[in-house]
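Structure, as structure tokens:
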Amino acid sequence: MMIEDRIKQLIKPAILDAQAYHVPDSNDLIKLDAMENPYLWPEEIKKAWSDYMQQAELNRYPDASASVLREKLSSALNIPDNTTMMFGNGSDELIQIIMMALNKSSNVIMAPEPSFVMYRLLSSLLELDYIGMPLNDDFSLNLSAMLKSIEENQPAVIFLAWPNNPTGNLFDQSDIETIIKATSGLVVIDEAYHVFAQKSMMSCLEKYKNVLLMRTLSKLGLAGLRLGILVGASEWISEFEKLRLPYNIGTLNQLSANFIIDNISLLEQQAGQIRNDRSVVFNALSDIKGVEVWPSEANFILFKVTEKGAEHVHAELLKHKILIKKLHGAHPSLENCLRVTIGTKEENSAFLSELNKIMK
Ligand code: PMP
């Protein structure tokens, strides 16, 4: 049998039809495409970290329940009593685990669109039914359409990114609560950008048993670490735990996270700087003719360049070694849209100065 035939025979059609998630090469570029914190740690912190890491015993398997990390995060995040945390290799993995756990007879996933692409991508790879509910023109939730669809399609899980990626806004809290009350399924509130919004819906965990809250250390400044956090009622979490591979959070990751949580003020300071610079970039973008810009509660800004075209602007920026995210083509409401992550002052200035030239 030819290898192609064997592949077709053995691999699921959903996988055969899929494209692998593309991560662009960013060598030598000013990297403003992936919502990373642009700051490194001061030398003394790096030194203290490498001293701390000496205790790693890499001959042993990691602590499967990450008990030290659990204790530190539980107080750092102020998680409510009667809830439990579960850790993922990034929150991407947690989204995947939630989806993998679903019963065949209740396999509908719902998320607003445009939103974080993994909700759609993982649904499709896992052969679940995905319903993307278009947001209103101002990127708020279309509540009546969602309620109607919830009743008709009985989604098992509704994912709500809060703030939303790539639009940057916070959905109305009372709309979210209405959805929580209307669905018999789970609502996952994905607070990946919490540190930039400084608002949380954590209190919903105390009010509703069908809510899970997700955080990640990625945007706070540890994208390289891969640590996602899912919080919810232990009844739910203990089912998902069965799907988590026992050693998904390696020893080096656990220790690094333990270390940095003890030094969390450094990352919070950096996030504060990013929030300030976000207003600077927002104001500068608003002043450029031909740019339409949306306010953001996250560490990125969505903007539209109808006349020049997103393809052109993206390509011109790349010529000047500036990488941002092109969203044009991802969803009809993102026509000619681009997303820029807030970088250092120098990176933001380089981006704004090139963009100004392109838009002339
Ligand atoms: N949720 C949202 C809304 C995101 O935008 C992202 C990253 N782009 C993630 C989750 C995934 O984050 P990570 O896997 O790095 O924790």
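General observations
- Around the amide H of residue 211, modelled in the peptide plane, lie the amide H atoms of 187, all under 5 Å away and 5 or more residues distant in sequence or on another chain.
- Take the Cβ atoms of residue 330 and residue 81, set R0 to 45 Å, and the FRET efficiency comes out at 0.65.
- The chain: most fluctuating residue of 287, 129, 137 per GNM, C-alpha cutoff 10 Å: 137
- A Förster radius of 25 Å combined with the Cβ-Cβ distance from residue 320 to residue 19 puts the calculated FRET efficiency at roughly 0.35.
- Length added when fully stretched, residue 105-residue 206, from 0.36 nm per residue minus Cα-Cα: 33.5 nm
- Restraint check, 72/199; 219/319; 289/345; 289/357; 325/360; 319/357, Cα-Cα greater than 18 Å: 72/199; 219/319; 289/345; 325/360
- Per-residue surface analysis assigns residue 175 an accessible area of about 30 Å², computed on protein heavy atoms at 1.4 Å probe radius.
- Backbone HN-Hα couplings from phi across the stretch 106-111 [Karplus 6.51/-1.76/1.60, Hz, Gly and Pro as x]: 9, 10, 9, 10, 10, 8
- Stretching the chain fully between residue 153 and residue 136 yields a gain of 4.1 nm (0.36 nm per residue, less the alpha carbon separation).
- Within a Gaussian network of the chain (alpha carbon springs, distance under 10 Å), most fluctuating of 331, 314, 194: 331
- Residue-wise HN-Hα couplings along the stretch 65-82, as the Karplus relation 6.51 cos²θ - 1.76 cosθ + 1.60 with θ = phi - 60° gives them from phi, are 9, 6, 5, 5, 4, 4, 5, 5, 5, 4, 7, 5, 8, 6, 6, x, 4, 6 Hz; Gly and Pro carry x.
- Heavy atoms of residue 219: accessible area, 1.4 Å probe, square angstrom to 10: 40 Å²
- Accessible area of the stretch 59-262 divided out per residue, in Å², using a probe of 1.4 angstrom: 41 Å²
- Partner lysines for residue 8 [C-alpha distance under 30 Å; skip if fewer than 8 residues away on the same chain]: 104
- In terms of its C-alpha gyration tensor, the chain has a rounded overall shape, because the principal axis ratio a/c (a ≥ b ≥ c, square roots of the eigenvalues) stays below 1.5.
- Result for the chain in a Gaussian network model with C-alpha springs under 10 Å: among 191, 347, 113, the largest mean-square fluctuation is at 347.
- Once divided by 2.2 N^0.38 Å, the Cα radius of gyration of the stretch 174-276 becomes 1.21.
- Residue 308/residue 45 FRET efficiency (R0 51 Å; Cβ-Cβ; nearest 0.05): 0.75
- Environment charge of residue 216, counting only residues whose C-beta is closer than 11 Å and scoring Lys/Arg +1, Asp/Glu -1: -1
- q = 0.14 Å⁻¹: log10 I(q)/I(0) that the Debye formula gives for the stretch 39-192, counting C-alpha atoms only: -0.82
- Cβ-placed point charges (K, R +1; D, E -1), dipole of the stretch 72-131 about Cα centre in debye, nearest 20: 100 debye
- Once C-alpha pairs closer than 8 Å and six or more residues apart are averaged by separation and normalised to the residue number of the chain, the relative contact order reads 22 percent.
- Once the chain from residue 64 to residue 175 is taken as fully extended at 0.36 nm per residue, the excess over their C-alpha distance is 36.2 nm.
- Farthest towards the positive end of the charge dipole of the chain, among the residues 260, 238, 38, is the Cα of 38, using unit charges on the Cβ of Lys, Arg, Asp and Glu.
- Note on residue 41: accessible area approximately 40 square angstrom, rounded to 10, probe 1.4 Å, nucleic acids and ligands left out.
- Amide H to amide H, with H built 1.01 Å from N, residue 300 comes under 5 Å of 342, counting only residues 5 or more places away or on other chains.
The values are calculated or read from the model by the stated rules, or taken from the named source; none is laboratory data. Predicted model, so just to flag it, every value in this text is computed and none were measured. All Cβ positions, even for glycine, are placed from backbone atoms using ideal geometry, and neighbour counts span all protein chains on display. When the accessible area is computed, the model is the full protein with side chains, heavy atoms only, and any ligands, DNA or RNA have been set aside. Shrake-Rupley method; radii C 1.70, N 1.55, O 1.52, S 1.80 Å.
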